Amino acid sequence: MRRSLVVGNWKMNGSREKSRALLDDILKGLGQDLKSDVGVCPPFVHLPEVALALQGSSVLLGSQNVADQDEGAFTGEISALMLKEFGCRLAIVGHSERRIIYGESSALVAARYAKAIEHGLIPILCIGEILEERESERTFDVIGEQLDAVLNTAGVASLAKAVIAYEPVWAIGTGRTASTEQAQEVHCWIRSRIARLDSDVAENLQVLYGGSVKPDNAAALFSMPDIDGGLIGGASLDANSFLKICHSA
Ligand code: PEP
């Protein structure tokens, strides 16, 4: 039985004070009887603040990206080793905002993913199609290519220490969620594709759904057999909404 995981991606929002207050509210509301794991990914510069507040809690700390290099002349990048110093356990890689707005290729995403694995951070590999690709029935070609880049670089065994997030780009921040059937179809496809290479890895792999998950649609999405939790953007910035989503998992 796979454990579910709900991760908040705070993106570039808030301030040190707001991140701290948001985390305090989340910690107060989580309670002991939670059946899922929970993670938060604040902006890089809020990591020290949030890491301090998380001491002694089981909530996982994550980053929103990770460098494909360990150190040196890579202006603007933050390495896995640096993130680990702040207690990060998770690292989002390949978020569609990185791929589309900042032009990160699947090869670069795979190199970032490989660095996370090498240093014991759990990469949350985001894959997903844009609307035009879905409408022209290329969803599986697109996510297949995004997945293959990682498999060819880091191998299928690496997925035993990773998480995948299926995030249809047309559903991110748009209020337009994939239907439970649409999401389940893709999640099942991802798991089957990995099962062809390693059935144990596929069976144990957590595949999260991301894209306008809200308190009122989370339970239905999370009840699908291949959806193991969510990567939550907008709704993770409101402690009450995020807590309701966590309690649905
Ligand atoms: C995201 O940014 O990963 C995301 C899923 O955002 P939202 O929940 O706002 O659609």
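The values are calculated or read from the model by the stated rules, or taken from the named source; none is laboratory data. In this text the structure is predicted, and so the values were computed from the model without any measurement. For neighbour counting, all protein chains shown are included, and Cβ atoms are generated from backbone atoms with ideal geometry for every residue, glycine included. SASA here: full protein model, heavy atoms, side chains in, ligands and nucleic acids out. Shrake-Rupley method; radii C 1.70, N 1.55, O 1.52, S 1.80 Å.
Brief remarks on what is shown
- Charge dipole magnitude, Cβ of K and R +1, D and E -1 - region 1-96, Cα centre, debye nearest 20: 400
- Under Karplus coefficients 6.51, -1.76 and 1.60, residue-wise ³J(HN,Hα) of region 61-66 in Hz, glycine/proline x: 9, x, 10, 8, 6, 8
- Flagged links, alpha-carbon separation over 22 Å, of 35/161; 161/214; 35/244; 28/115; 28/161; 84/115: 161/214; 28/115; 28/161
- Whole-angstrom gap from region 1-73 to region 100-140, using each part's C-alpha centre: 21
- Ordered by solvent-accessible area of protein heavy atoms (1.4 Å probe), largest first, the residues 12, 82, 224, 1 come out as 1, 12, 82, 224.
- Residue (of 232, 165, 34) at the positive-pole extreme of the chain, dipole from beta-carbon charges: 34
- Cα centre as origin, Lys/Arg/Asp/Glu Cβ charges: the chain dipole, Debye: 560
- Two tests apply to each whole DSSP H helix in the chain, Cα reach of 20 Å or more along its axis and mean Kyte-Doolittle hydropathy of at least 1.0, and none passes both.
- Solvent-accessible surface ranking, highest first, for 180, 75 at 1.4 angstrom: 75, 180
- Fraction of accessible area attributable to carbon and sulfur, the chain (%, probe 1.4 Å): 50
- Rounded accessible area per residue of region 193-233, 1.4 Å, Å²: 40
- Taking Lys and Arg as +1 and Asp and Glu as -1, the other residues whose beta-carbon sits under 11 Å from that of residue 157 total -1.
- Solvent exposure of region 56-145 as accessible area per residue, Å², 1.4 Å probe: 47
- For residue 90, the residues whose modelled amide H falls within less than 5 Å of its own, excluding neighbours fewer than 5 places apart on the same chain, are 61, 62, 63, 122.
- Ranked by how many other beta carbons lie within 10 Å on average, peptides 231-238, 132-139 from highest: 231-238, 132-139
- Summed residue charge, Cβ within 13 Å of residue 197's Cβ, Lys/Arg positive, Asp/Glu negative: -1
- The calculated P(r) of the chain, using every Cα pair and 10 Å bins from 0, goes 8, 34, 39, 18, 1 in percent.
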